[in-house]
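Undergrad: The structure's right below; bear with me while I get my questions together.
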Amino acid sequence: MFLEIDQLTMQFGGLVAVNNVSINIKKGEIHGLIGPNGSGKTTIFNVLSGYYKPTGGKVSFEGRVISDLPAHQITAAGFARTFQSMRLFKSMTVLENLLVGMGHHAKVGLFQEIFDPVAVHREEQKFIEKAMELLDLLEVADFANELATSLPYGHQRRVEMARALATDPKVILLDEPAAGLNEIETESLRKTLTKIRDLGVTIFLVEHDMKLVMGICEIISVLDYGKKIAEGTGPAIRKNPVVIEAYLGKEDDQ
Amino acid sequence: MKNKSSILKWIFIGAVVCLLLVFPAIAKSRYQVHIVNNIGIWILLSLGLNIAMGYGGQFNLALGALWGVGAYTAALLQTRLGVPFWINLPLSIISAAIMAAFVGLPSFKVRSHYLAIVTIGLGEVINLFLVNQDELTGGALGINRIKPPSLFGFPINTDERFYYLILIMVILGYLIGRQIVSHRIGRAFRALRDDFQAARAMGVNTGYYQILAFAISGAYAGAAGALFAQWNSYISPDIFEFKSALIVLTMILVGGIGNLPGSVVGTVLLLVLNEYLRVFERWQLVGYGIAIIVVVLFLPGGVVQLAGKFEDFRQRWLARLTKGKSNVEEQRNVP
C-alpha cells in the first residue's frame, strides 16, 4: 500500500476529532476528502504532516510507519502540504519561499555552509534553477522576486503550492486550495492540479467546492463528526443517502 | 542605472575601508582609539544577537553571560596555563557556543518573550557561577594581569595594535554573518521566525535551527569575550550581566533588527552618542533613553530604514526632474 491511514483516532481531551478512520490512497491518484465543517478533515491533515501525534491508530507510507516521526522527517519522507489560511513566509520573496522548501535537500554541510561560499553558491544556483522551473509550471515565475505576501490572493495560492512542490514530495496535501477563489481562478486551479498529478505527485485534497472535487478526484472519502461515512467515486458519493443526510440533514428530523 | 549605483556602493565601501585602515594615525587621541576598539567588541556582540534574534526570532538575553563565558575561558587559559591568544580564541568561541546551545534548550518549550525571560534567568545563573566559584574565577574581584596576545613575537599590547586585531575580527565576523544569513541557514532562521508551523511543513528541522541560532550568537559572544579579556587585561563578573544583553538588544533595535548593517550602525550610534552625552553627567541616561524612544517611534525598522527613505526621496526627486518622460514612482509600485 502506498499511503495507509489505519484506524486513526485523534482525541483532544474529551473531544474525539477523528474517530477510527481508515483511508487508503493509491500512488498517483487524486483523492478527495470532504465533509461538513468541523468533521475532522484538517485534523487528519495535521496528523499526516506530523503536527499531532495520533492518540490511536497509525499512518504508514510505503510500508513505513510515519505517524510517530517529527514533522520535518515526514516532509523528508515525501509529504508536503498547503494551509487553509495561507502561511507564506512574510519576510521573503516568492523565490526565497521556495528555497526554504528545498533546504532539506542540501548536501552542503553546516561548516561548509559558513566557510565555503563557492560550494554554497554552486548549490544555490541549482536550487534557484529548479525553483524557477516550478514557478514557471505554476505560472508565477514573473513574480519570483516580489514579496510573496504582496501578490494577489490567487497567485499566493499558487506560490504556496509551488513551495510545497519545492520539497520534492511524493504526496501533496492541499487544504482547501479553492477557498476564496473566483470561478475563473478555480478553473485554472483545476488545470494546475492536473499538472501536479502529471508530475507523478499523489494529491490528497480537502475541499468544499463540490464542482471541483467531483470534477477532478478519482475517489472521495466523506467524513462526518470525525467518522468516515462513505468512500467512492464522485457519482456514487453524490447519490449516497448517508452523505446527503450529513450535508443536508435527515428529512424526518423536521 | 543599477550599474552606476553599484559602482557608487563600491566606492563607498572602499572609502570606509581606507578610513578604517588609517584611523589610528588620524585619531585625535589615544582615547578615541580606545573607544573605537570598544565599539568593535560590541559590534561582534550585536551581530551575534541580530543573527539569533533578528533573523531566527530566538531571544537570547543570556548574551551578557555568554560574553563572560568567552572572556573567562580566554582569561583562565591565559593566566593559569599560559595558552596563547590564537589557541584560546577558538576555545572561547567553542565554549561560549556550547553554553549558548544549552541556554537555547528551553526554546523547545517556550517562545518569544517567555523565552526572553527564561534566558535572562539562565544568564544570571551563569553570572552567579562566575561570582561564587571564586577559587576558579576569582569571584567578584575577577581576573587581572591577563597578558596581551603576540603575533610572531610582536606583542599586541597597545590600543593602536589592538585596533587592527579587532578590526580584522569585526570584518571577518560581518562577512561570516552575511554568509550565514543570506543562504540556507538564514532562510531557515527567517522561516522559523515568520511562521513556525509552516517552517516545519517545509522540512526545516526547527529544533536544530533554534539551537544553531543560539550557538551562533554564543560563538560571536565568545569571540568578543576573548578579545575583551586580553584587550582590557582585567575582567570581573559585573560586566557580564543582563544589562549588557539589554544594551546589545537596544543597539539592534535602534540600528535595525533582522539586518546586519543595522547591528553595526546601532552599535556605533549608541556608543558614540554615549560619549557625547557624557557632558550631561547624570542626565546622560535620560538623553540615551530619549534617543531610543525617538528612533523606535519614528523608525520602527531601525536607523538603517533611513537609507530606504533616502532612496525613495531620491527617486521621487529624479521623477520630478524628468516629469513627463517617466514616472519612476509609478514604475516602482506596479508589479
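The values are calculated or read from the model by the stated rules, or taken from the named source; none is laboratory data. Note that the structure is predicted; figures quoted are calculated from it, not measured. Here the Cβ positions follow ideal geometry from the backbone for every residue, glycine too, while neighbour counts run over all protein chains shown.
Undergrad: Taking A:A178 as the residue in question, decide whether it is crowded, with 19+ Cβ neighbours inside 10 Å, in contact with a Lys or Arg (Cβ under 7 Å, 6 or more places away or on another chain) and closer than 21 Å to A:V213 by Cα. Break it down into steps so the answer makes sense when it comes.
TA: On the way: crowded, with 19+ Cβ neighbours inside 10 Å: yes; in contact with a Lys or Arg (Cβ under 7 Å, 6 or more places away or on another chain): no; closer than 21 Å to A:V213 by Cα: yes.
Considered against the rule, which asks whether it is crowded, with 19+ Cβ neighbours inside 10 Å, in contact with a Lys or Arg (Cβ under 7 Å, 6 or more places away or on another chain) and closer than 21 Å to A:V213 by Cα, A:A178 comes out as no.
Undergrad: Further question: Output the residue which, of all residues in region B:298-329 that are β-branched (V, I, T) and surrounded by 14 or more Cβ atoms within 10 Å (Cβ to Cβ), is modelled with the lowest pLDDT.
TA: Quick first cut of region B:298-329, residues β-branched (V, I, T) only: B:303-304, B:322, B:328.
Right, trim to surrounded by 14 or more Cβ atoms within 10 Å (Cβ to Cβ) and you get B:303-304, B:328.
Values: B:V303: 86, B:V304: 86, B:V328: 45.
Checking each candidate, the answer is B:V328.
Undergrad: Another question about this same structure. Within region B:157-192, how many residues turn out to be touching a Gly at 6+ places or on another chain (Cβ under 7 Å) and among the aromatic types (F, W, Y)?
TA: 1
Undergrad: Then there is this: It is to be established whether one or more residues within region B:135-143 are buried (at least 18 other Cβ atoms within 10 Å of the Cβ) and in a loop (DSSP other than H, G, I, E, B).
TA: To start, the set of residues in region B:135-143 that are buried (at least 18 other Cβ atoms within 10 Å of the Cβ) comprises B:137-138, B:142-143.
After this cut, where a residue has to be in a loop (DSSP other than H, G, I, E, B) as well, the list is B:138, B:142.
Looking for residues that are buried (at least 18 other Cβ atoms within 10 Å of the Cβ) and in a loop (DSSP other than H, G, I, E, B), one finds at least one in region B:135-143, hence yes.
Undergrad: Next up: Need pairs with beta-carbon distance below 8 Å; first residue of a type in the set (K, R) and within region B:140-168, second in a strand (DSSP E or B) and at pLDDT below 90; sequence gap 6+ or separate chains.
TA: If the second residue must be in a strand (DSSP E or B) and at pLDDT below 90, the pairs left are B:R161/B:P155.
Undergrad: Pick from region A:87-99 the residues that are in contact with an Asp or Glu (Cβ under 9 Å, 6 or more places away or on another chain) and facing another protein chain (nearest Cβ under 9 Å): which of them is surrounded by the most Cβ atoms within 10 Å (Cβ to Cβ)?
TA: Only one residue fits best here, namely A:N97.
Undergrad: I want to confirm something. Restricting to region B:36-62 and keeping residues that are closer than 19 Å to B:L91 by Cβ and of a type outside the set (V, I, T), which single residue is surrounded by the most Cβ atoms within 10 Å (Cβ to Cβ)? Quick ask: steps written out before the conclusion?
TA: Initial filter on region B:36-62 (closer than 19 Å to B:L91 by Cβ): B:41, B:44-45, B:48.
Imposing the further condition that a residue be of a type outside the set (V, I, T) reduces the set to B:44-45, B:48.
On the way: B:L44: 29, B:L45: 30, B:G48: 33.
Ranking the candidates gives B:G48 first.
Undergrad: Pick from B:A27, B:A71: which is over 22 Å from B:I257 (Cβ atoms), small (G, A, S) and surrounded by 24 or more Cβ atoms within 10 Å (Cβ to Cβ)? Show your work before the answer.
TA: Values: B:A27 fails: surrounded by 24 or more Cβ atoms within 10 Å (Cβ to Cβ).
That would be B:A71, the only listed residue that is over 22 Å from B:I257 (Cβ atoms), small (G, A, S) and surrounded by 24 or more Cβ atoms within 10 Å (Cβ to Cβ).
Undergrad: Output the residues belonging to region A:193-213 that are within 29 Å of A:A77 (Cα to Cα) and surrounded by fewer than 19 Cβ atoms within 10 Å (Cβ to Cβ). Lay out the reasoning, then the answer.
TA: Looking only at region A:193-213, we keep the residues that are within 29 Å of A:A77 (Cα to Cα), and these are A:193-208, A:212-213.
If the condition is that a residue be within 29 Å of A:A77 (Cα to Cα) and surrounded by fewer than 19 Cβ atoms within 10 Å (Cβ to Cβ), then A:T194, A:K195, A:R197, A:D198, A:L199, A:G200, A:H208 are the ones that fit.
Undergrad: Looking at A:S39, is it out of contact with any helix residue (DSSP H, G or I) (no Cβ under 6 Å at 6 or more places or on another chain), away from every other protein chain (no Cβ under 14 Å), assigned to a loop (DSSP other than H, G, I, E, B) and crowded, with 22+ Cβ neighbours inside 10 Å?
TA: Working: out of contact with any helix residue (DSSP H, G or I) (no Cβ under 6 Å at 6 or more places or on another chain): yes; away from every other protein chain (no Cβ under 14 Å): yes; assigned to a loop (DSSP other than H, G, I, E, B): yes; crowded, with 22+ Cβ neighbours inside 10 Å: yes.
Criteria met by A:S39.
Undergrad: Hey, B:P24 hits all of (1) within 21 Å of B:Y220 (Cβ to Cβ); (2) in contact (Cβ under 8 Å) with a residue 40 or more places away in the chain; (3) more than 16 Å from the chain's Cα centre (by Cα) but one; which does it fall short on?
TA: Unmet for B:P24, out of (1) within 21 Å of B:Y220 (Cβ to Cβ); (2) in contact (Cβ under 8 Å) with a residue 40 or more places away in the chain; (3) more than 16 Å from the chain's Cα centre (by Cα): (1).
Undergrad: Oh, and also: Among B:I35, B:I51, which is among the hydrophobic types (A, V, I, L, M, F, W, C), within 30 Å of B:L212 (Cα to Cα) and touching a residue at least 60 places away in the same chain (Cβ under 8 Å)? Walk me through how you get there before you give the answer.
TA: Numbers: B:I35 fails: within 30 Å of B:L212 (Cα to Cα).
Just one listed residue meets the conditions, B:I51.
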